[in-house]
Structures are given as structure tokens and as C-alpha cells.
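Notes follow the structure.
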Amino acid sequence: MKKILTVCITLFLISGFSYAQNLKFGHINFEELIDAMPEKETALKTLQREFREAQNIIEEMSVELNRRYMNAQRSVDSMSAMGRQMLEEELMMQQQRIQQYQATAEQRLMERREALLNPILEKAQAAVKAVAEKEGFVYVFDISEGSQVLYFSSRSTDILPLVKKHLGIE
């Protein structure tokens, strides 16, 4: 009985050891994958165009405010106290509208950035998952700059070429 138990334990340990030998680990530079995706370039061009549009509107509003301010400085001496006060309030309200527009534009651009880039990230993550499952990887580590992987062995497989192929990127 003791001999059978010893044989069973030995077989269990050997099978566990051989299983551990078959584990596959991979790594990928996820940033490099995202940069290689043509959708990212399209999204960035769209964001840049929308940013320039908002910037142009803010600039036009600022030019108009400056023009009104210069005109007000020329005529302030001939105005009554009430007229000056109303003009100052009007200029301050216009300045506040510019600041409000700028804050709203920044918020909308951030939301737009997420809306454009999140599907790209999700597509890349799905491709990594599909390749990892197909190739039998147990873990895939991101080795992009700033990731927490401190070391990876040469026995770890770089799956970037496989994922690019899966996505049809050359």
C-alpha cells in the first residue's frame, strides 16, 4: 500500500512538472501595436482637425473681444459712469463666454478622443486575446515603456508579429 502511494505521488509530481514545462508565455509592446494600426492615424487626424476648429473659434472670439476693448478705451473718457460700468460688465461677460467655450471645447475634445481611441484599443486587445488563445499562451505581458514587467526571458515569445498578421498589418 505504501509503495502504491509513493508511486502515485511520484506520478502526480512528474505530471505536474511536465505540465509546467509546457506553459507558454508571450510578450508584446502594446504601444507599438497601437501605433502600427492605421485607425490610430485616422483618429488622430480627426482629433487634430477638431482641435484646430475649436482653437480658431476661440481665437476669433478673442480678436473680437480685443477689438471691442480697444474701442472702449478710446471712448471711455466721453462716457458716463453708468455707461462705463455697463461696458465693463459687457466686456467681462464676453471674456467669461470665451472661457466657458474653451472649457466646454476641452471637455468635448477629451470625450471625442475617448470615443475615437477606445474602439482601437478594444480591437487591439481582442486581437491579442485571439492570438494568445490560438497559440496556447497562458500569459501575455505588455512590455511597453512604463509597464510593470521588469524582466522577460528569451523563452518568452514576442507575439507582436502574430497580432499584426491577425489584424492584417504589415
In degrees, nearest ten, helix 38-75 long axis to first principal axis of the chain (Cα): 20 degrees
Place a +1 charge on the Cβ of each Lys and Arg in the range 77-170 and a -1 charge on the Cβ of each Asp and Glu, then give the dipole magnitude about the Cα centre in debye, rounded to the nearest 20. 480 debye
Stokes-Einstein diffusion coefficient of the chain, Kirkwood radius over Cα pairs, 25 °C, 0.890 mPa s, in µm²/s: 112 µm²/s
Once label points are set 7 Å from the Cα along Cα→Cβ at both residue 144 and residue 24, what is their separation, rounded to one decimal in nm? 2.4 nm
Using a 1.4 Å probe on the protein chains only, how many percent of the accessible area of the chain belongs to carbon and sulfur? 57 percent
Å² of accessible area per residue within the chain, as computed with a 1.4 Å probe and no ligands counted: 77 Å²
Quick check on packing: order 160-167, 89-96 by the mean number of other C-beta atoms within 10 Å, highest mean leading. 160-167, 89-96
For the residue pair residue 91 and residue 166, what label-to-label distance in nm results when each label sits 7 Å from Cα along the Cα-to-beta-carbon direction? 6.2 nm
Assigned charges on the beta-carbon of Lys, Arg, Asp, Glu; the chain dipole about Cα centre (debye): 880 debye
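The values are calculated or read from the model by the stated rules, or taken from the named source; none is laboratory data. Remember, it's a predicted structure, so these values are computed and weren't measured experimentally. We place every Cβ from the backbone using ideal geometry, glycine too, and count neighbours over all the protein chains shown. With ligands, DNA and RNA removed, areas are computed over all heavy atoms of the protein, side chains included. Shrake-Rupley method; radii C 1.70, N 1.55, O 1.52, S 1.80 Å.
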